[in-house]
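S.K.: Structure in structure tokens, see below.
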Ligand code: ARG
Ligand code: ZN
């Protein structure tokens, strides 16, 4: 069954308040609900339908009189009075048997919930839609020391707790947690003097991994006050870490629930990248309190309203806390790797989709990351001050609303006087636009002529021209900036812009800061690119010049077997020698485009990518880098190997990133001697893990792998790294076999999403290993997707996207992949989640 945006209509009733009573029991929890309904004056359809799935209805009544509703596997209907009435029901649910991790479930003996998007209907009968907002009271009975729900505690005694959340909210923001948990406590005082109690609840044993997350929370609260003027609105804010969780984390009102991998951190067990990700996710969930909770979504088609904006906000936060340039480059690498791949394949959909079967399948890179890019473009077009004014109006006008993208754009139209009709196409059109630029130089004037073209897709057969903010600066022949950044506003299919009064022909630095999520086609020669690599004042485009040289060189190595490009290697060497440059930035400069990005580039050029050739070219390039940078590597390594007490901040982690990039090249020539030394001396996970990775690459990892396992066998999050690393670092020939062997390991708890992803997410990321010509990678993944689907459809469906790129490969691989897709699709009972994903993928 397909749901359409155009079919939206409001619910026939308003819910003023609801009281839920939970009697907790692992296999048969009883849930009583008492809900006050009244007719919705804004609605015409008065059908009384309550969602409900996997519920055993014990009894129901209206105004105290027992009723016998019509129950289906989707919910129930019932005759109701004309005016206001009280609905009461009691249901039984089975948290222990809930392996899908949606609704109320158990994880290592603790109860927890995940309701977004449509999990609340697995807890009780209720209008489970985001535009129905209500005040919740929650009573929990159970023999657990900690019993939590949203809002403020109003009563508690042994085995009993009562919670009240004064802020009306949709059911997807409901949460409940119960178990033997320990609080890491702190406080934050808001700018208006409200003292907020903060707790990070963890399982016994994890107390030592809380301090960083707590600090990140306090930093986020302060930042949102300072930058967006958003204060926290309850006396209590709780975060709970759970080991079994389908996604990263969830912004339930006053009770955020986190995948333990997204909140628990310590120097010994977490890498610098883990720390940065945790800080960003804590901020993201906290920021949802305003962009998501106080202002929520009218329906799930508007998901990007809260997710795009909140991702944008958390990226601003990280830019302020760390290095803005490094954050931007990292985000673009991620966008190209995940969102462009999605947008250019069979799963392409607009930032605001117009139809879906299973909404969980639309928590995508397009909704989140492209959704955030659209907000960045809007800000660039209107300017920082106008953006701030528009946001103030948004919070004022829509506080308490379940809003739409139209509402969002309207505040910008009302505050700036702009007509955003054309800009809105960014929300409704799928596909990554191609932006081609042609230069003309005459009479001291540079003319840039841009042409935009979005390839048609099933989702958007006839794309129209978009509004594209193009940030441009000009670099003179000796490397001086002759024109500062200017934002060109492109609205036509083809459009020219001129820069006059120039003394000499400059090199145009186009799409600075990656000012729009497009593929830029700018035909610079290698000398011009080398000039940008050496002198561009825009850190993103300076990095981009190096990346483009790398991509061009790798593509010609793949196509023609040429040698690695000298100019590229020399340019990067100069950057590495430049001690004025931030180490983190230099580390990024040492990166290469990923192998799947190279496959995309070949496909884009009308060619068929051969994974083995792409792998070989990348290896050859790395070897050439090791040789060309040989003289600087030992010093780069030694100068940046931090020996001071570990801090996960931008400065130290940037240095470790540079030292580790150097180590990866050193290992190619020293056979792993330095890696062994680093592994042995490491007192933090960043250095220990990179030591281990390099030992595996040097073919001397087996002893260290055993030692690592013995050291960390009781730490699930570290063991996830151990599982994943062996797959990532395997030779292409062996990656699928290594993954298969790991599934026989006694600690391969495949029902735990983190562990499943550690093995199979890593296999999928190993481009040449997953696409091994035998098809063994495809077959192994398909076997396990078939096994996981009945247990956890949501995680299975997410993993199906591994197959989305199949149409670009050769006929043999295409046949192998489609055979696996068809084998999965032929399973007698397949979840709606996986059916929708594979049907969309297969259609390509
Ligand atoms: N709203 C959460 C976040 O972005 C994601 C929860 C998604 N959950 C799901 N089952 N689709 O922070
Ligand atoms: Zn979010």
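S.K.: Quick one: grab Rg to one decimal and Dmax as a whole number for the stretch 706-794, Cα atoms only, in Å.
M.R.: For the stretch 706-794, the Cα-based Rg and Dmax read 12.6, 37 Å.
S.K.: So what's the angle, to the nearest 10 degrees on a 0 to 90 scale, between helix 753-765 and the longest Cα principal axis of the chain?
M.R.: Tilt of helix 753-765: around 30 degrees.
S.K.: Specify, per residue and in Å³, the volume enclosed by the convex hull of the alpha carbon atoms belonging to the stretch 4-134.
M.R.: Given the Cα convex hull of the stretch 4-134, per-residue volume reads 110 Å³.
S.K.: Taking the stretch 615-657 as the region of interest, what is the percent of Cα-Cα pairs per 10 angstrom bin, listed from the shortest bin to the one with the maximum distance?
M.R.: Bins of 10 Å from zero give 26, 35, 29, 10 percent of pairs.
S.K.: To test your reading of the geometry: what angle, between 0 and 90 degrees and rounded to tens, separates the Cα axis of helix 211-228 from the longest principal axis of the chain?
M.R.: 90
S.K.: Starting from the Kirkwood Rh over alpha-carbon pairs, what translational D in µm² s⁻¹ does the stretch 490-634 have by Stokes-Einstein at 25 °C and 0.890 mPa s?
M.R.: 147
S.K.: Please report the base-10 log of the normalised intensity I(q)/I(0) for the stretch 600-672, using a Debye sum with one equal scatterer per alpha carbon and no solvent, at each q in 0.15, 0.18, 0.27 (1/Å).
M.R.: -0.66, -0.78, -1.12
S.K.: What's the Cα-based Rg to Rh of the stretch 184-275, Rh via Kirkwood?
M.R.: 0.97
S.K.: Take the alpha-carbon centre of the stretch 91-131, take the same for the stretch 26-46, and report the distance between them in whole Å.
M.R.: Here the two parts' Cα centres lie 16 Å apart.
S.K.: Out of all Cα-Cα pairs in the stretch 661-702, roughly what percent, to the nearest whole number, are more than 13 Å apart?
M.R.: The calculated P(r) of the stretch 661-702 puts 39 percent of pairs beyond 13 Å.
S.K.: Using bins 10 angstrom wide from zero, how does P(r) for the stretch 715-762 break down, in % of all Cα pairs?
M.R.: Percent of Cα pairs in each bin: 30, 59, 10.
S.K.: So, one more: Determine the distance separating the Cα centre of the stretch 580-608 from the Cα centre of the stretch 178-196; give it in Å without decimals.
M.R.: 43
S.K.: Which order do peptides 808-815, 580-587, 298-305 fall in by mean Cβ count within 10 Å, highest first?
M.R.: Going from most to least packed, we get 298-305, 580-587, 808-815.
S.K.: Among DSSP beta bridges whose residues both lie in the chain, state the antiparallel percentage, nearest 5.
M.R.: Taking every DSSP beta bridge with both residues in the chain, the antiparallel ones total about 80 percent.
S.K.: Which of the peptides 267-274, 477-484, 282-289 is most tightly packed, and how do the rest follow, going by the mean number of other Cβ atoms within 10 Å of each residue? Write out the running numbers ahead of the final one.
M.R.: Working: 267-274: 20.5, 477-484: 13.4, 282-289: 26.0.
Output ranking for 267-274, 477-484, 282-289: 282-289, 267-274, 477-484.
S.K.: What angle do you read, to the nearest 10 degrees and between 0 and 90, between the alpha-carbon axis of helix 371-382 and the longest principal axis of the chain?
M.R.: 70
S.K.: Any idea what the alpha-carbon Rg over 2.2 N^0.38 Å comes to for the stretch 616-723?
M.R.: 1.09
S.K.: How far is the Cα center of the stretch 700-724 from the Cα center of the stretch 472-490, in Å?
M.R.: Each part's Cα centre sits 50 Å from the other's.
S.K.: Under 37 °C and 0.692 mPa s, how fast does the chain diffuse according to Stokes-Einstein, given a Kirkwood radius computed over C-alpha pairs? Answer in µm²/s, whole number. Write down the numbers at each step before the final one.
M.R.: Numbers: Rh = 28.5 Å.
After rounding, the answer is 115 µm²/s.
S.K.: A further question follows. As a footprinting exposure proxy, order 531, 393, 598 by other Cβ within 10 Å, with the fewest listed first.
M.R.: Result, fewest neighbours first: 393, 531, 598.
S.K.: List the pair-distance distribution P(r) of the stretch 300-420, using every Cα-Cα distance, as the percent of pairs falling in each 10 Å bin from 0 up to the bin containing the longest distance, rounded to whole percents.
M.R.: The percentages, shortest bin first, are 13, 41, 34, 12, 0.
Each value in this text was obtained by applying a stated rule to the coordinates, not by laboratory testing. Note that the structure is predicted; figures quoted are calculated from it, not measured. Using ideal geometry, Cβ is built from the backbone for each residue, glycine included, and neighbour counts are taken over all protein chains shown.
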